[in-house]
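Here's the structure we're looking at; comments come further down.
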């Protein structure tokens, strides 16, 4: 076998369909687009979500729910992760700066401390919001929960 004898496997390549090249080609006239209608014209683009005249799914399915524009969204941080963080950095005072530096929240996030986990150290925690269980666990361990004023 020589380099000039190489060719693709049988059926691997197809000839290009040359449409609109006269009646003798069998694909002249309408160029296989059919007669009349938007799809036969140049520049036709089907609308997004169009289902051939059938009622589109976004109109068949009813709207529901409500998104409150005034909702304040907090990044939750559990007491267990605060305990681990205080052991890691060796501090008993944890503010927003330490929590965000540890990657528990993004820089622009509001932080809410939740009461999941056990707390053994007496921590002074500063955050945007606290759950009732978090406050009770922090105070039970001899710590303090400081709420940042809004």
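The values are calculated or read from the model by the stated rules, or taken from the named source; none is laboratory data. Please read these numbers as outputs of a predicted model, since none were measured by experiment. Glycine also receives a Cβ, built like all others from the backbone with ideal geometry; neighbour counts cover every protein chain displayed.
Quick look at the values:
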item: Test: residue in the stretch 24-32 that is farther than 30 Å from residue 138 by Cβ, part of a helix (DSSP H, G or I) and either touching a strand residue (DSSP E or B) at 6+ places or on another chain (Cβ under 8 Å) or free of Cβ contacts under 8 Å to residues at least 60 places away in the same chain (or both); result: yes
item: Contacts under 6 angstrom Cβ, first residue in the stretch 90-119 being more than 18 Å from residue 131 (Cβ to Cβ), partner part of a loop (DSSP other than H, G, I, E, B), 6 or more apart; result: 92/123; 100/107
item: Criterion: more than 30 Å from residue 21 (Cβ to Cβ), at pLDDT 95 or above and either in contact with a helix residue (DSSP H, G or I) (Cβ under 8 Å, 6 or more places away or on another chain) or surrounded by 12 or more Cβ atoms within 10 Å (Cβ to Cβ) (or both) - qualifying residue of 129, 101; result: 129
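Yes or no, residue by residue, for (1) surrounded by 10 or more Cβ atoms within 10 Å (Cβ to Cβ); (2) within 24 Å of the chain's Cα centre (by Cα):
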| residue | (1), (2) |
| --- | --- |
| 19 | yes, no |
| 35 | no, no |
| 44 | yes, no |
| 56 | yes, no |
| 62 | no, yes |
| 68 | no, yes |
| 84 | yes, no |
| 94 | yes, no |
